[in-house]
1. Report, in deg cm²/dmol and to the nearest 500, the calculated mean residue ellipticity at 222 nm for the chain, where each DSSP H run with n ≥ 4 adds -39500 (n - 2.57) and the sum is divided by the residue count.
2. What FRET efficiency comes out for Ser84 versus Ala148 if R0 is 45 angstrom and r is the Cβ-Cβ distance? Round to the nearest 0.05.
3. Multiply the residue gap between Thr134 and Ile55 by 0.36 nm, knock off their C-alpha separation, and tell me the result in nm, one decimal place.
4. Lys/Arg Cβ at +1, Asp/Glu Cβ at -1, dipole of the stretch 122-217 taken about the Cα centre: which of Phe130, Pro210, Leu193 is farthest positive-ward?
5. As an exercise, identify the trypsin sites (Lys or Arg not before Pro) in the stretch 129-176 lying in DSSP coil whose Cβ has no more than 16 other Cβ atoms within 10 Å.
6. Determine the gain in length on full extension of the stretch Asn173-Arg187; use 0.36 nm per residue of separation and subtract their C-alpha separation, reporting nm with one decimal.
7. Evaluate E = 1/(1 + (r/R0)^6) for Ile5 and Asp76, where r is the Cβ-Cβ distance and R0 equals 22 Å; express this FRET efficiency to the nearest 0.05.
8. Measure nothing but the geometry: give the 0 to 90° angle between the long axis through the Cα atoms of 38-52 and the longest principal axis through the Cα atoms of the chain, rounded to 10°.
Amino acid sequence: FGSQIHCHGTFDAFRRCGSEKKWLRVNNTVEWPDFYDPENRADLKKFFDRYMKGIDNDWESTPRVRLVVMDCGGEDLVYRPEESFPLERQIFQKLYLDAEKHALQPEAAKEGSVEYDAENEGKVSFFYQFPEDTEVTGYIKAKLWVEAKGADDMDLFIRIIDRAADGEVLYHNAITYKYCGTDSKLRVSLRELDKEKSTDSEPYHTFRNPQKLHPGE
């Protein structure tokens, strides 16, 4: 889950792979130290021994999905056995941006807007306080209406950051860099959706047919 590059593609490949003999193990580090860990190499070798050499080694008893729940500032839950990914019991919660309060809330807010200076590392933040202990595991999407004043395109970078009750940013020790939450990026002109692949929870972009921005749009 800590990889900002390969995470989405790995899950997508697992889900779309045609073989029924497929397993998923999610780590809480990054791929390089995970791959070269002797225990993990032995785990992978056991899979290859079963299906490339035909060795009866009880591999089939391995849980189909071994999931990690990363807890920034706390203790991760490692290799929780699951039947599938994404989790069938995942509950989707829609939250709306409130420009006036800089908040996320369950009800739609009145119309408003916020601005930032893109040339000087500008950003805008919205906050949501969970009323109870909550696990966020699965797919998250953001739907935004944006305008780039004086330009016909823009790059959006979105990050969900885990903060303590006092506002302090909580980091996860992912060995190679400080991870504080999932992120996403998109060039706005490449926002065209693949209507056949996209779902309510997962937008798929074609990355074709650039659609430039226009003033006031």
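The values are calculated or read from the model by the stated rules, or taken from the named source; none is laboratory data. For clarity, every value in this text was computed on a predicted model and none was experimentally measured. Here the Cβ is made from the backbone with ideal geometry for all residues, glycine too, and neighbour counts use every protein chain on show. What goes into the accessible areas is simple: the full protein's heavy atoms, side chains included, and nothing from ligands, DNA or RNA. Shrake-Rupley method; radii C 1.70, N 1.55, O 1.52, S 1.80 Å.
1. That calculation yields -4000 deg cm²/dmol at 222 nm.
2. 0.65
3. That works out to 24.2 nm of additional length.
4. It is Pro210, whose Cα lies furthest towards the positive end.
5. Those that pass, being in a loop and sparsely packed, are Lys141, Lys143, Lys149.
6. 2.1 nm
7. Computed FRET efficiency for Ile5 and Asp76 comes out at 0.60.
8. 70
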